[in-house]
Amino acid sequence: MTPPSRPTYSALTSSTDPGRQRLDRLATASITVGAFAVLAAILAIGIFLLWESLPLLSLAGTFTLETLSPLAWGTLKAALAAMLLALPIALGAAIYTALYMPPRLRSRVKPVLEMMEAIPGVVVGFIAGLILAPWVERHLASTLVLLVWLPLSTLLAGVLWHSARQSLRKRLPFSWAGLWLTPWLIAMTFIALWATPGVEHVLIGGDLRQWLDQQLGVNYATRNAMIVGMAMGFAVIPSIFALAEDALADVPTSLLEGAQALGATRWQALWKVALPAAGPGIFSAVMIGAGRAVGETMIVLMASGNTAIFSTSPFEGMRSIAAAIAIELPESTPDSSTYHVLIFAALVLFLFTFLVNTLAEVVRLRLRTRLSRMGDRG
């Protein structure tokens, strides 16, 4: 017996009333016009920046290079500091939330983490510049110890949980580690803050900041790359987490179940199956996070000190391209050399963020195609 054929789209639309068809066509036309308007606006911005940068061809190339080099270095330095903090936290949280956390807890935790992205960058920069930077300056040793001790204490908690008795592991299941690990990390933080000043006094006989200046000649600025990395890393974490978590959650469960049925552990299924399958999506998340870190303005402006210098030290400041444009462009004279250099810097920043986001979108579409093929085969 031949199964009945499904009605085609034209048959469905022909059976509807003419009013609904007109609304559908109007909505389709509006979406199409809006999409082309966005593309036209982006193209117009690029053409404007390129046109305003053309007068630089009559200037000496060394002037432009010497002017932009510290800004480009500061931009990369700030972005690298932010990604060093954001990547381990965001990707670790995405893996745990997507693959290990119970669905009931995940439905509550994920929206909270995603809502962190709604915090304005100016608020994060304000807190970093006026609250975090002075506190870190007074407690530099404690801050450095916390940056190392908290990841180590997390690993220590995992080792203790793995070696504990079966009854205790049932009371503290791994799927709920996000809850019972919180008081552990709070306790480790208090221990580090309590013990570090005494150890600092015994080892170096005083304040770490003064010891770095006197013994190593390292200058510590109140607003520096480390402060920018902490603040901007906090702002970038939600973007990376949301995209990476969606990519991992979209991996077909049949792949993980098949790997475990063949004898693989959950850890092996994660590394050998889940991460390779979600790799393009995770790469897309990382690229979008890097693009936001490069283009961030207010956090770098308020927490970096805005010193255009070449320095690899995390204790010294920098000036990024976005911060330089925000500070100097409103005061520059139109058609002056400074004006055209700033426009050229904006063009470089525009091209970089455009290419990064385009690459991330291409990778995301590749992920969707790969997962759909895997689902069809399963």
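Any read-out appearing in this document is the output of simple, stated calculations on the displayed coordinates, not a laboratory observation. Keep in mind that this is a model prediction, so the values were computed, not measured. All Cβ positions, glycine included, derive from the backbone under ideal geometry; neighbour counts span all protein chains shown.
Annotations for the structure displayed:
- Shape of the range 282-329, Cα gyration tensor, a/c cut at 1.5: oblate
- FRET efficiency, residue 174 to residue 30 (Cβ-Cβ, R0 41 Å, nearest 0.05): 0.25
- Cα pair distances of the chain binned at 10 Å [whole percent]: 4, 16, 24, 23, 17, 10, 4, 1, 0, 0
- Normalised contact order of the chain, rounded percent, pairs of Cα under 8 Å and 6 or more residues apart: 29 percent
- Placing a pseudo-label 7 Å from each Cα along the Cα-to-Cβ vector at residue 22 and residue 253 gives an inter-label distance of 4.7 nm.
- Calculated from the alpha-carbon coordinates, the range 241-326 shows an Rg and a Dmax of 20.0, 57 Å respectively.
- Only helices enter this figure: runs of n ≥ 4 DSSP H residues, each worth -39500 (n - 2.57), summed and divided by the residues of the chain, yield -24500 deg cm²/dmol at 222 nm to the nearest 500.
- Förster-model FRET efficiency, 45 Å R0, residue 41 and residue 203, C-beta, rounded to 0.05: 0.20
- A simple count of charges around residue 232, restricted to other residues whose Cβ falls under 14 Å of its Cβ and scoring Lys, Arg +1 and Asp, Glu -1, yields +1.
- Ranked by how many other beta carbons lie within 10 Å on average, peptides 304-313, 106-115 from highest: 304-313, 106-115
- Note on the chain: GNM, Cα springs under 10 Å; of 142, 336, 175, the largest mean-square fluctuation is that of 336.
- Span-rule helices in the chain, defined as complete DSSP H runs reaching 15 Å or more along the axis (Cα) with Kyte mean at least 0.5: 18-53, 61-99, 140-163, 177-204, 225-249, 279-295, 337-377
- Translational diffusion of the range 74-199, µm² s⁻¹ [Kirkwood Rh, Cα pairs; Stokes-Einstein; 37 °C; 0.692 mPa s]: 192 µm²/s
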